[in-house]
Amino acid sequence: MSAFNKSHPAAHAVSAATVNVRVRDLAQMFNSLDASPFWDRDLDVDAAAFIEEEFRENRAVAQWHLHVHASEGADLAADLQPALEHYYTRMAHSTALRLREQLRLGEFALLGGLAIFLLSMSARGILSRVAAHGLSRLLDEGLIILAWLALWRPVETLVYGWIPLYRQRRLYRRLAAIKVTVRMEHAHPALASVAAHRQEGGAVAPPTAPDASHRS
């Protein structure tokens, strides 16, 4: 999201990782849809993707901190922590449901694969006994390949396929526990003059997106 700007944080211990996010208005961190039908405010999707990307590489770090710097929207500061917890808790729950469904489908697929395996091996044995000159090599190898292919995908799903969703669920749970700190700052003089000019009804070219720098 172009409205977000990372900055160099102060030095921290190895056991902690901090990401600094700079936005003009704190409202940019929240979903722009009308939140009135909902009890809790929701995190903006682009903001959530930005946060997730920044912390993904710090899985081994014990503590995660998010510092949000803004010059407007101080009345929303108290809503940011609950919004972040609500968003990532919901994402973790959704991912857990997908993981459970994938494992359930994998189990059903394994039962079907076992049935096809047994049928293929049984057909191979029966045809080899019935055929006058023995079972042709092409048909014999075809039945063997069919039998093992029927088991390959279910076994792959149950042994390896669940790992990405499991890791994603763990990431969302950790993101839901991030400690958020909001720091209100004075607007840059150039931005302040732009805002004042807009209030007077003047036409102003949109500001360029800030450059992103390294996170902690």
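The values are calculated or read from the model by the stated rules, or taken from the named source; none is laboratory data. Here the structure is a predicted model, which is why all the values come from computation and not from measurement. Glycine also receives a Cβ, built like all others from the backbone with ideal geometry; neighbour counts cover every protein chain displayed.
Could you go through segment 131-146 and let me know if any residue there is part of a helix (DSSP H, G or I), within 30 Å of ARG90 (Cβ to Cβ) and among the hydrophobic types (A, V, I, L, M, F, W, C). Give the derivation first.
Step one: filter segment 131-146 for residues part of a helix (DSSP H, G or I), giving 137-146.
Okay, now just the ones that are also within 30 Å of ARG90 (Cβ to Cβ), so none.
For segment 131-146, residues part of a helix (DSSP H, G or I), within 30 Å of ARG90 (Cβ to Cβ) and among the hydrophobic types (A, V, I, L, M, F, W, C): absent.
Report, by residue number, each residue of segment 1-45 that is modelled with pLDDT of 60 or more, buried (at least 16 other Cβ atoms within 10 Å of the Cβ) and charged (D, E, K, R).
ARG22, ARG24, ARG41, ASP42, ASP44
Please identify the pairs in which a residue from segment 89-115 that is crowded, with 16+ Cβ neighbours inside 10 Å has its Cβ atom under 6 Å from the Cβ atom of a residue that is basic (Lys, Arg), counting only partners at least 6 apart or on another chain.
Between residues of segment 89-115 that are crowded, with 16+ Cβ neighbours inside 10 Å and residues that are basic (Lys, Arg), the close pairs are ALA92/ARG169; ALA92/ARG173; THR95/ARG169; ALA96/ARG169.
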